[in-house]
1. How do the pairs read when you match residues in the range 172-201 that are farther than 17 Å from residue 103 by Cβ and at pLDDT 95 or above with residues anywhere that are among the charged types (D, E, K, R) and not in a strand (DSSP E or B), using Cβ under 6 Å and keeping only pairs 6 or more apart or on different chains?
2. Given the condition small (Gly, Ala, Ser) and at pLDDT below 90, answer yes or no: does some residue in the range 203-214 qualify?
3. On the given criteria, is residue 129 more than 16 Å from residue 187 (Cβ to Cβ) and hydrophobic (A, V, I, L, M, F, W, C)?
4. Of the conditions (1) outside any helix (DSSP H, G or I); (2) crowded, with 19+ Cβ neighbours inside 10 Å; (3) touching a Phe, Trp or Tyr at 6+ places or on another chain (Cβ under 8 Å), residue 78 fails just one. Which one is it?
5. Can you tell me how many residues within the range 108-130 are part of a loop (DSSP other than H, G, I, E, B), farther than 15 Å from residue 206 by Cβ and more than 14 Å from the chain's Cα centre (by Cα)?
6. Within the range 64-74, identify whether any single residue is crowded, with 21+ Cβ neighbours inside 10 Å and in contact (Cβ under 8 Å) with a residue 24 or more places away in the chain, and answer yes or no.
7. Please go through the range 37-62 and give me each residue that is in contact with a strand residue (DSSP E or B) (Cβ under 6 Å, 6 or more places away or on another chain) and in a helix (DSSP H, G or I), ordered by number.
8. Being over 21 Å from residue 213 (Cβ atoms), modelled with pLDDT under 95, in contact with a Gly (Cβ under 7 Å, 6 or more places away or on another chain) and not aliphatic (A, V, I, L, M) is the requirement here; does residue 106 meet it?
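The values are calculated or read from the model by the stated rules, or taken from the named source; none is laboratory data. These figures come from a predicted structure and were not determined experimentally. As a convention, Cβ positions derive from the backbone with ideal geometry for all residues, glycine included, and neighbour counts pool all protein chains shown.
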Amino acid sequence: MTNAQRLAPTPQGDHTLVVIPTYNEMETLPRLLDEVWAQLPAAHILIVDDSSPDGTGEWVDERRAREDRLFVLHRPAKSGLATAYVDGMGWAIAHDYPFILQMDADGSHRPIDLPKLLARMGGPDQPDLVIGSRWVAGGRINGGSAKRVALSKAGNYYVHLCLGTPVRDATAGLRVHRSSFLASHGVLERVATTGFGFQVEMTELERSLGAVIAEVPITFDERVAGESKLDSSIFVEELAMVTKGGLSRLAQAARSRFRRG
C-alpha cells in the first residue's frame, strides 16, 4: 500500500469520489449536487443512472458539459442498487480515487454530514470503512414513522444476532470506503446481492476481511420527494441473506466444537 493510498482526506473532500445511484431523481438531484459541493468543493461526483424515464441521465449529461467535477455511468436498465454501487466503486478504483463516498440521491442523507465522515476516515486508526450511523449516540431519524424506525432497529438487531456484526447500523447507506482495501481484498467481486441487502453484505464482507470500521452519528431524513424504492422484496432479500449467513455461522461454530471435542 502506497503513501498516497493511505493519505488522509481533508474535510474539503480531496481524493474523494462521491458515488450516487439514480433512478427518477430529478426532483432531488440538482439541489443535492450543489449541496454536496458546498460541503466538499474538491470532491468529484459519479452518477450511476439506470436509464431514468424522467430524464435524470440526460440532465446529468447537460450539467456535466459545464462541470469538470461531475461524471456519469449510463446503464441500459434498472438493475439494482447493489450492482449500481459495484459498478460505481469499480469505476472509482479504476480511476485511482483513494476514497469512495456512497450516498442516496433522494435527500435522505444530509451533505452537511459528509465532512464529518471524511474527517473520521483520516483518523489515527486509519479506518477502511466509515459508516454514517443512525443508531450510535447522536444519530437519529428525522420524520420517520414509528413503524419504519422500529423496522430499522429490529433489522440491525437481527443482523447482529445472526452474524455477530459489531456495527450499530449495518443497513446504513451513507458511508466511505478506502479503495485500497476494496481492491486488495477483491471485495466487489464477492458481492452477491442485488438490492438493499448490499449494505449489510458489504459491512460483513469488509469486517470478515479485517477492515477497521468506524461509525459516526448522522441525521437521516425520510424521503420527502419522489417515490420510495423500498418494497417487501427488498426486506425479504435482506432477511434471507442474513438468515443464511447466521446458519452458516452456527454450522461453522458447531464444526469447530466437534473438532475440539
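1. What qualifies is 181/128.
2. no
3. Taking the combined requirement at face value, the residue does not satisfy it.
4. (2)
5. So the answer is 3.
6. no
7. Selection gives 56, 57, 60.
8. Yes, satisfied.
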